[in-house]
Amino acid sequence: MKRILKILGVLLGVIVLAIAGIAAWVSLSDMPVYPVQKLPVNLSVDSASLARGKNIVENHCAHCHRGDDGKLSGRLFSPESEGFGEIWSGNITNHPTLGLGRYQDGEIAYLLRTGVKRDGKLAGPFMMFPNISDEDLAAVIAYLRSDAPSVQASDEKHATKYSFLAKALIKLGAFKPLPYEGKPIITPPTSDQVAYGRYLAVAVYECYSCHSASFETNNVLEPEKSPGYFAGGNPISDHDFKQTPSRNITPHPEQGIGKWTPEQFQMAVRAGVRPDGSVLTMSMPRFSMPEEELSAIWAYLRTVPALQATVTASGK
Ligand code: HEC
Ligand code: HEC
């Protein structure tokens, strides 16, 4: 009996030591550094590319990167209370040392594809665009390099402080960069409305990422494999960190938007007004994309499987 107790005691001691060791390693070791590549970027600064880049940056990137000064100087993206620490989106204005002045074009491209910053550290799992076309990626970079008011140098400076949990997830490899395979990615032709709409909803504006079951279960590389694809229910924070579950925007006639007209859909996406006149919370961004993009997204959403999912909390 005594012997067993002694063995158990030693085992317990070993376990406690191992846990303490891992905890010390998580809190004290440096964050992992991944190899960085500079991708070839075919930067064209004609007015069509700049307009394209402006549309994507102002409608999507700005949702997370617009700071208090009105420029893309970064904002508090996730407060301590959400568990990952105090996470700020970066200053992506043209500031030479605090903003993208320190990045080369090819480093911005690699970051957007894989999530690896120019210093080799992971920009969290929050921001990866593996499926955006090479052409649209170049247009985004062209706009970031322009003299548009949103990207003029801002000297806002904020430091992200990861929590123990976020550090553990990154160091143990649960949050990691996406693989980069280097195969060319082209924009589907706009004449193929469904394919083009899928591209916009998945690769460019990432509607699916908020509108599927959970960020934790989304499949970034193959979005269609995300559980609850477009069926909503994912709790989304607004800029004041108040959460609203996203809604089911599959063609389900009762739970989804199967009975909506294209005009009602446009009204909701542009102005945040639902067919019954109620106003969506600011957890749903307001998009001012061109008409033909909205029609393509609508055409695509008609084709996704109609799922039944009940949205909880504020949801009806
Ligand atoms: C869902 C929110 C979100 C969206 C959308 C988003 N970002 Fe980010 N971005 C972040 C966060 C958060 C960080 C900082 C992560 C960190 O430092 O750990 C970041 C970091 C960056 C950085 C690195 C800055 C630095 O200082 O190293 C660049 C560049 C960037 N984003 C560009 C973009 C562009 C371009 C787009 C649009 C195509 C975009 N982001 C869309 C949240 C977002
Ligand atoms: C940052 C997360 C986020 C992104 C990105 C996003 N949505 Fe939403 N969306 C929401 C949330 C949250 C709601 C519910 C808001 C509420 O109930 O007040 C919503 C509501 C909607 C509604 C209203 C549905 C209903 O039944 O009332 C439509 C339509 C919609 N989104 C379409 C889109 C489209 C199209 C895109 C991409 C262009 C998109 N959303 C991108 C978070 C998002």
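Scanning the stretch 14-29 turns up no residue that is of a type in the set (S, T, N, Q), within 28 Å of Val204 (Cα to Cα), part of a helix (DSSP H, G or I) and out of contact with any Ser or Thr (no Cβ under 8 Å at 6 or more places or on another chain). Among the criteria (1) surrounded by 18 or more Cβ atoms within 10 Å (Cβ to Cβ); (2) more than 15 Å from ligand 2 (Cβ to nearest atom); (3) modelled with pLDDT of 95 or more, the one Ala123 does not fulfil is (3). If only residues of the stretch 190-207 that are over 14 Å from Glu292 (Cβ atoms) and open to solvent by 10 Å² or more (accessible area, probe 1.4 Å) are counted, the one that is nearest to ligand 1 (Cβ to nearest atom) is Glu206.
Just one of Glu156, Glu135 is open to solvent by 20 Å² or more (accessible area, probe 1.4 Å), assigned to a helix (DSSP H, G or I), among the charged types (D, E, K, R) and more than 9 Å from ligand 1 (Cβ to nearest atom); which is it?
Result: Glu135 is the single residue among Glu156, Glu135 that is open to solvent by 20 Å² or more (accessible area, probe 1.4 Å), assigned to a helix (DSSP H, G or I), among the charged types (D, E, K, R) and more than 9 Å from ligand 1 (Cβ to nearest atom).
Would you confirm, using the coordinates I've provided, whether Gly70 is open to solvent by less than 20 Å² (accessible area, probe 1.4 Å), more than 8 Å from ligand 1 (Cβ to nearest atom) and either farther than 19 Å from Pro177 by Cα or assigned to a strand (DSSP E or B) (or both)? Let's see the steps before the verdict.
Working: open to solvent by less than 20 Å² (accessible area, probe 1.4 Å): no; more than 8 Å from ligand 1 (Cβ to nearest atom): yes; either farther than 19 Å from Pro177 by Cα or assigned to a strand (DSSP E or B) (or both): yes.
In short, no.
Number of residues in the stretch 230-244 that are open to solvent by 20 Å² or more (accessible area, probe 1.4 Å) and more than 9 Å from ligand 2 (Cβ to nearest atom): the value is 5.
For the stretch 107-120, filtered to residues that are more than 17 Å from Phe84 (Cβ to Cβ) and among the charged types (D, E, K, R), the residue that is nearest to ligand 2 (Cβ to nearest atom) is Arg113. Filtered by the rule that a residue be of a type in the set (A, V, I, L, M, F, W, C) and open to solvent by less than 20 Å² (accessible area, probe 1.4 Å), the stretch 77-105 gives Ile87, Leu100.
When residues in the stretch 217-229 are screened for being hydrophobic (A, V, I, L, M, F, W, C) and open to solvent by less than 60 Å² (accessible area, probe 1.4 Å), 1 of them pass.
The values are calculated or read from the model by the stated rules, or taken from the named source; none is laboratory data. Just so it is clear, the model here is predicted, and its values are computed rather than measured. When we count neighbours, we look across all protein chains shown, and the Cβ atoms used for this are built from the backbone with ideal geometry, even at glycine. For accessibility, only protein heavy atoms count, side chains too; no ligands or nucleic acids. Shrake-Rupley method; radii C 1.70, N 1.55, O 1.52, S 1.80 Å.
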